[in-house]
1. Any chance you could check the Cα centroid distance between region 1-58 and region 218-275 for me, in angstrom?
2. Take the chain, mark every one of the chymotrypsin sites (Phe, Trp or Tyr not before Pro) that falls in a DSSP loop and has at most 16 other Cβ within 10 Å, then report the longest stretch left between them, sites excluded.
3. Treating region 66-223 as a set of equal point scatterers at the Cα positions, no solvent, please give the Debye-formula log₁₀ I(q)/I(0) at q = 0.11, 0.19 Å⁻¹.
4. Tell me, what is the FRET efficiency for residue 120 and residue 279 to the nearest 0.05, using R0 = 22 angstrom and their Cβ-Cβ distance as r?
5. Need one number: nm distance between label points at residue 169 and residue 147, each 7 Å from Cα along Cα→Cβ, rounded to one decimal.
6. Normalised by the number of residues in region 2-286, what is the relative contact order in percent for Cα pairs under 8 Å and 6+ residues apart?
7. More than 19 Å apart: what percent of Cα pairs in region 116-169 qualify?
8. Going Cα to Cα from residue 224, which lysines come in below 21 Å? Please leave out same-chain ones fewer than 8 positions away.
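Only the coordinates and a few stated rules stand behind these numbers; no lab work does. Not measured: the values here are computed from a predicted model. In this analysis, Cβ positions are derived from the backbone assuming ideal geometry, glycine residues included, and neighbour counts consider all displayed protein chains.
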Amino acid sequence: MLGVIGGSGIYEIDGLSDAEWITVDSPWGAPSDAILTGTLDGVKMAFLPRHGRGHVHSPSSVPYRANIDALKRIGVTDVISVSACGSFRETMAPGDFVIVDQFIDRTFAREKSFFGAGCVAHVSVAHPTCPRLGDACFTAAEAQGVTVHRGGTYLAMEGPQFSSLAESRMYREVWGADVIGMTNMPEAKLAREAELCYASVAMITDFDSWHPDHGEVDVTDIIKTLTGNAAKARGLVARLPALLGADRAPCPHGCDRALEFAIMTAPEKRDPELVAKLDAVAGRMFA
């Protein structure tokens, strides 16, 4: 089952048959919104608007744990994240898409793990996205006629304000980031803990504040570019079922086995309440 988390400007999937908005209860709280389910080209689909319909959640208030848990709970195996981003590269211009493969996490006001006291786990996020899904997104973007870049480092900032000029220059020149956004962390980390394959499609809307010819970020320009990007993104998503197919083999990169050796707490020391909350995320490890 293919799950899509839509960012700014993306509030639906086109062409779903048997489309239905369903409410999913999660022990981690309420997700951002109901989840749109249906079928596209024989593949079961689920769509969750990250900010909620009407854009009611800020980047810091998005219930990331509830979102990932809810998707896993209804059977999602693969997650495509679509989000608006700024660019630190001349060659990655507004209107372009970037298939992100690395992150720098600068968020600080969000719960970043399903695990904790009573059940400790450490998953690897050395390679935080799934190359198989990333390849499918790249192919779909090309087929959609989008200028798309394969690979890039996403700087996740807390927000909701945009970067200062000094920050923008540091992220670009010192840290080597390619794009900047506010929502892919801790989302990608939580997807890995939930053993979900995860790919990130960054839709570029602006050059942040580093570019001498563009100055500060202008929300009016962002919204204008978002409108065009949203149509392209819906076209990209519509092409994914045919590329991925209805039959799913085990992930060749091990995303769906990320917890295999990650849980450290001895069985007799585990907190039963926390283990119960982990039923969807890590239930197979406690069976």
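1. Distance between centres, Cα-based: 13 Å.
2. Working: sites that count: 108, 175, 261.
It works out to 1-107.
3. Cα-only, vacuum Debye calculation for region 66-223: -0.44, -1.20.
4. For R0 = 22 Å, the calculated efficiency reads 0.80.
5. Placing both labels 7 Å beyond Cα along the Cβ direction yields 2.6 nm.
6. Once divided by the residue count of region 2-286, the mean separation gives 26 percent.
7. Values: 845 of 1431 pairs.
Looking at region 116-169, the distances longer than 19 Å represent 59 percent of pairs.
8. 232
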